[in-house]
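Data block below; observations after.
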Amino acid sequence: MYRRIVVGYDASAQSERALDAAAEMAKATDGVVHVVHNRLYGRMPEGLVRLAKDEGLLGPDILEKTRSGTLVADMEDLAPNQSSQRIGAVLADLLTSRAQQHLERCGAKHIETYTVAGDPAEEITRVASEVAADLIVLGSRGLGTVKGLMLGSVSQKVLHTSPCACLVVK
């Protein structure tokens with residue numbers, strides 16, 4: 001059975017469903033869920049944009065940048081005054097806290113959270129190797145074959161490089 005479960009989490013609806021699946025499996029085996037959140041890499045997921053807006057971290061002037069994918073690059077330019085690191089750290093704390101609360105509401109008892117930076121697929125598989133995971137659970141954005149091949153897919157890359165079994169939730 002699956003007792004060490006790694007879940008990639010970015011606040012999207014798909015990653016919320018992945019949390020649900022991981023919680024169900026962890027309840028059945030009294031297993032540990034390891035939540036991996038990748039700090040601001042590339043375009044911000046819509047769920048993260050909503051969370052940042054709800055928490056008052058992003059004003060309307062920069063919400064458009066999150067949709068176009070330029071926010072992360074713009075934030076990198078601000079690094080000398082640490083604002084990008086501060087916003088990234090606050091968002092990461094909020095996200096991992098919400099993921100933990102979600103899992104607890106679903107009945108998971110043992111939860112570890114990780115905030116990482118880098119290529120999401122590589123970071124998820126790295127954490128899975130470090131914790132000797134039995135299973136990785138991911139949400140699927142449903143890009144389709146052509147779009148997925150052109151844009152790349154975290155779930156597709158994890159499936160090919162994973163040290164253990166994977167479950168992709170739609």
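The values are calculated or read from the model by the stated rules, or taken from the named source; none is laboratory data. None of these values were measured; they are calculated from a predicted model. All Cβ positions, glycine included, derive from the backbone under ideal geometry; neighbour counts span all protein chains shown.
Residues that are modelled with pLDDT under 95 and polar (S, T, N, Q) were ranked within the stretch 1-40; the one that is nearest to THR113 (Cα to Cα) is ASN38.
Residues in the stretch 120-134 that are touching a Gly at 6+ places or on another chain (Cβ under 9 Å) and farther than 10 Å from VAL36 by Cβ: ALA121, ASP134. Pairing residues of the stretch 156-170 that are within 12 Å of VAL137 (Cβ to Cβ) with residues that are aliphatic (A, V, I, L, M) and part of a loop (DSSP other than H, G, I, E, B), at Cβ distances under 6 Å and at least 6 apart in sequence or on separate chains, gives CYS164/ALA133. Go through the stretch 99-119 and count every residue that is surrounded by 13 or more Cβ atoms within 10 Å (Cβ to Cβ), within 14 Å of VAL32 (Cα to Cα) and either of a type in the set (Lys, Arg) or touching a helix residue (DSSP H, G or I) at 6+ places or on another chain (Cβ under 8 Å) (or both). Residues in the stretch 99-119 being surrounded by 13 or more Cβ atoms within 10 Å (Cβ to Cβ), within 14 Å of VAL32 (Cα to Cα) and either of a type in the set (Lys, Arg) or touching a helix residue (DSSP H, G or I) at 6+ places or on another chain (Cβ under 8 Å) (or both): 9 in total.
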